[in-house]
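Peer 1: Pasting in a structure now, in structure tokens, and then I'll have a few things to ask.
Every number here is computed from the coordinates shown, using simple stated rules; none is lab data. What you see is a predicted model, and the numbers here were worked out from it, not measured in a lab. So basically every Cβ, Gly included, is an ideal-geometry build from the backbone, and we count neighbours across all protein chains shown.
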Amino acid sequence: MVGVTNKKALSGERKGEITGKIIKISGPVVVASGMRGILMYELVRVSEEGLIGEVIQIKGDNAIIQVYEETTGIKPGSVVRSTGASLSVELGPGIIGGIYDGIQRPLLRIKDASGDFIARGINVRPLDDKKKWHFLPSINKGDKVEGGAIIGSIRETSVVEHRILVPPSVSGVVSSIVKEGDYTIDDVVAVVKNGETGVESEIRLSQKWSVRTSRPIREKRDPSIPLITGMRVIDTFFPIPKGGTAAIPGGFGTGKTVTQQSLAKWSDADIIVYIGCGERGNEMTDVLKTFPSLKDPRSGKPLMERTVIIANTSNMPVAAREASIYTGVTIAEYFRDMGYAVALMADSTSRWAEALREISGRLEELPGEEGYPAYLASRLSQFYERAGRVESLNGKEGSISIIGAVSPPGGDFSEPVTQNTLRVTKVFWALDKNLASRRHFPGINWLESYSLYLDQLEDWFSKNIAEDWNKLREQAMILLQKEENLQEIVQLVGPDALPESERLILEVSKMIREDFLQQNAFHEVDAFCSPEKQYKMLKIILTFYELAGRLLGNVPLEKIAAMKIKTDIARMKEHKNETFDKKYTEIITKMQSEFKSMEE
Ligand SMILES: Nc1ncnc2c1ncn2[C@@H]1O[C@H](COP(=O)(O)OP(=O)(O)OP(=O)(O)O)[C@@H](O)[C@H]1O
Ligand SMILES: [Mg+2]
């Protein structure tokens with residue numbers, strides 16, 4: 001746990017340390033008196049054990065503090081000390097592959113130091129300060145650098161080049177830069193002298209950043225490049241761009257975690273930040289066990305070589321859970337600033353909101369809807385606003401896509417966390433418990449879900465995949481909508497009462513649902529479907545619709561429904577992405593000749 005020095009706290013107004021006394025303890029919330037001069041969001045050390053706390057309200061001389069560690073046994077009268085720092089993360093090589101708690105304490109190294117439980121007041125640095133990294137400088141003495149500039153790089157893992165950035169607040173002329181060689185995160189690798197102020201800043205391989213403040217950028221850009229996920233229902237129907245935001249709400253067991261993990265595994269992001277706000281301890285244990293053993297399908301290397309995990313189980317203090325999404329998104333911003341596409345998953349933001357609610361309750365704030373604080377909406381939007389496609393301070397383009405799972409009690413989307421999330425996110429993947437119980441996976445409801453990015457992404461898909469991509473997706477969506485209406489009639493009078501043209505719609509939409517939308521996340525081949533294959537699969541189904549339509553009236557629908565080609569269509573998802581081109585031609589040719597033979 002480290003802090004960014006709070007300049008104001010250490011400037012003239014602050015003479016030495018502020019020490020106060022605890023006057024009240026309510027779960028994770030502690031009130032201390034005698035804290036005059038303390039700053040909002042300043043980190044403090046609580047009690048003789050030195051528990052980590054953060055000032056979240058100031059009332060006169062009293063500071064209200066949320067404590068990131070278990071407070072049982074702490075007594076009124078105990079001391080509280082200021083630190084002059086704010087809650088922050090340490091950014092530098094070694095962060096990839098890290099598994100941290102909500103305030104970036106390295107869980108595995110803590111386990112080594114103190115056993116399974118995190119001992120209170122323990123101080124373990126987020127990054128290994130003994131390890132030497134091979135640093136390759138890319139600037140020279142005398143160069144002028146601005147905040148955010150890249151001064152060199154380190155091959156952190158086989159898939160990630162860690163670029164060393166000048167801290168945003170530093171600029172000037174490089175007065176020294178080390179030679180290529182091995183350095184620890186604390187070694188000074190460059191010194192930058194500001195011509196105006198004369199201040200010399202030492203640049204190390206690691207830097208700190210306060211989690212409650214977003215890292216500065218040059219400008220936001222329109223997100224117009226899709227984050228390819230390999231999930232057909234997402235890429236084809238409800239795509240998310242790099243830099244976009246999506247909510248994935250769903251009741252118990254509807255597929256939130258499987259979807260988030262598929263995205264972590266398969267999406268074409270450079271860096272993954274996975275925040276697990278575990279519903280149950282064992283679900284998080286599951287993540288901790290499965291992730292380190294997962295292979296990155298693109299590189300064949302362990303997925304952890306481009307992943308950072310923030311883990312909160314339900315038995316960890318709630319305040320750390322409240323902080324976890326800020327810790328996660330700050331780490332994401334750091335990699336974005338290096339010029340990477342980062343995808344951040346939070347599973348589940350409902351547990352985060354519950355932490356917020358619990359702390360608010362302890363503060364005796366006036367509760368809003370369902371006991372959540374009135375600021376739930378603004379906190380959610382502050383979090384999602386940190387997503388985006390940007391030009392970073394060094395001119396490189398980077399992005400953060402945020403995908404938040406929501407677990408509405410009883411699967412009822414009208415509750416406050418779902419509603420407030422949908423107000424700020426632009427993609428809605430609605431998980432449907434009926435689909436899940438019918439084992440239609442992914443259980444994303446195609447009639448309820450939406451993506452507000454369709455217009456922005458249209459160009460990319462028609463240029464890079466196929467010109468008629470959008471036409472195809474619209475056609476398919478219309479069929480699915482018609483099916484929904486026809487189903488109501490079928491329920492009343494049975495399918496035989498429908499004209500053949502409408503029964504064909506039922507037949508083809510069933511194909512779209514079963515042979516296209518359904519996708520098994522655990523299938524060796526089908527887990528990832530390239531956009532090219534998605535397009536061709538849909539094209540095959542819609543070609544079937546077109547050819548069948550021509551025969552209607554001459555050939556009974558029963559015969560069309562019993563065609564041999566349907567088996568090939570049902571199996572196309574199992575066919576490899578790489579050779580699907582050939583398969584596509586094969587299926588289309590076979591389909592045409594089978595239809596032709598029926599004409600005769
Ligand atoms: N895309 C998928 N492919 C195959 N199976 C799936 C898929 N999505 C979900 N499942 C099945 O549904 C089960 C429940 O999914 P998951 O654990 O993701 O639900 P959840 O919404 O996270 O549940 P909880 O509310 O308990 O966190 C999985 O164990 C798996 O069997
Ligand atoms: Mg889950």
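Peer 1: Under a plain spin-label model, where a point goes 7 Å from the Cα along Cα-to-Cβ, how far apart in nm are LYS15 and GLU385?
Peer 2: Spacing of the two 7 Å Cα→Cβ label points: 3.9 nm.
Peer 1: Quick check: the distance between the Cα centres of the stretch 173-213 and the stretch 32-70, to the nearest angstrom?
Peer 2: 31
Peer 1: Can you put HIS162, HIS134, HIS575 in order of Cβ neighbours within 10 angstrom, beginning with the fewest?
Peer 2: By the 10 Å Cβ count, ascending: HIS134, HIS575, HIS162.
Peer 1: If you don't mind, another one. Expressed as an acute angle from 0 to 90° and rounded to the nearest 10, what is the orientation of the C-alpha long axis of helix 454-464 relative to the principal long axis of the chain?
Peer 2: 70
Peer 1: Under the rule of at least 5 residues apart or a separate chain, name every residue whose amide H is placed under 5 Å from the amide H of TYR100.
Peer 2: Amide H neighbours of TYR100, under 5 Å, 5+ apart: LEU107, ILE309, ILE310, ALA311.
Peer 1: Cα centroids of the stretch 424-501 and the stretch 118-137: how far apart, whole angstrom?
Peer 2: A separation of 49 Å, based on Cα centres.
Peer 1: Treating the beta-carbon of each Lys and Arg as +1 and of each Asp and Glu as -1, no other charges, what is the dipole magnitude of the stretch 469-599 about its Cα centre, to the nearest 20 debye? Intermediate values should be presented prior to the final figure.
Peer 2: Details: 20 positive and 22 negative charges, 81 e Å.
Roughly 380 debye, rounded to the nearest 20.
Peer 1: Using the Cα centre of the stretch 387-433 as the reference point, and only Cβ charges (+1 on K/R, -1 on D/E), how large is the resulting charge dipole? Debye, rounded to the nearest 20.
Peer 2: Charge dipole of the stretch 387-433: 120 debye, to the nearest 20.
Peer 1: A further question follows. If you restrict to DSSP beta bridges whose two residues both lie in the stretch 219-452, what percentage is antiparallel, to the nearest 5?
Peer 2: In the stretch 219-452, DSSP labels about 35 percent of beta bridges as antiparallel.
Peer 1: Assuming 0.36 nm per residue, please report the length gained on full extension of the stretch ARG423 to ASP182 beyond their Cα-Cα distance.
Peer 2: 81.9 nm
Peer 1: Then there is this: Hey, can you rank 333-339, 556-562 by average C-beta count inside 10 Å, highest first?
Peer 2: Details: 333-339: 24.9, 556-562: 13.9.
Per-residue Cβ counts within 10 Å, averaged per peptide and sorted highest first, yield 333-339, 556-562.
Peer 1: For the chain, what relative contact order do you get, as a whole percent, if you take Cα pairs closer than 8 Å and at least 6 residues apart?
Peer 2: Values: 1279 pairs, mean separation 76.3, N = 600.
In percent, rounded to a whole number, it is 13.
Peer 1: Then there's this: Relative contact order for the stretch 219-452: what percent, with Cα pairs under 8 Å and sequence separation of 6 or more?
Peer 2: 31
Peer 1: Can you give the local net charge around GLY172? Use residues other than it whose beta-carbon is closer than 13 angstrom to its beta-carbon, Lys and Arg +1, Asp and Glu -1.
Peer 2: Computed value for this residue: -2.
Peer 1: Give me a comma-separated list of calculated 3J(HN,Hα) values for the stretch 514-531, in order, Karplus coefficients 6.51, -1.76, 1.60 applied at θ = phi - 60°, integers in Hz, x for any Gly or Pro.
Peer 2: Values, residue by residue: 7, 9, 10, 5, 5, 8, 8, 5, 9, 7, 3, 9, 6, 4, 10, 10, 5, x Hz.
Peer 1: What's the exposure ranking of ILE65, ILE403, going from fewest to most Cβ atoms within 10 Å?
Peer 2: ILE403, ILE65
Peer 1: Between GLU532 and ILE489, what is 0.36 nm times their sequence separation minus the Cα-Cα distance? Round to one decimal in nm.
Peer 2: Full-extension gain reported as 11.9 nm.
Peer 1: What are the lysines whose alpha-carbon lies under 16 Å from the alpha-carbon of LYS566, with same-chain residues fewer than 8 places away excluded?
Peer 2: LYS510, LYS536, LYS539, LYS583, LYS590, LYS596
Peer 1: Mind pulling the angle between the C-alpha long axis of helix 580-599 and the longest principal axis of the chain? Nearest 10 degrees, somewhere in 0 to 90.
Peer 2: Tilt of helix 580-599: around 20 degrees.
Peer 1: How much net charge surrounds PRO409 when only other residues with a Cβ under 10 Å from its Cβ are counted (Lys, Arg +1; Asp, Glu -1)?
Peer 2: -3
Peer 1: Another question, if that's okay. Could you tally the net charge around LYS144, taking each other residue with its Cβ under 14 Å from the Cβ of LYS144, Lys/Arg +1 and Asp/Glu -1?
Peer 2: Value of the local net charge: -1.
Peer 1: Ranked by Cβ crowding within 10 angstrom, fewest neighbours first, how are ARG36, ARG389, ARG109 ordered?
Peer 2: ARG36, ARG109, ARG389
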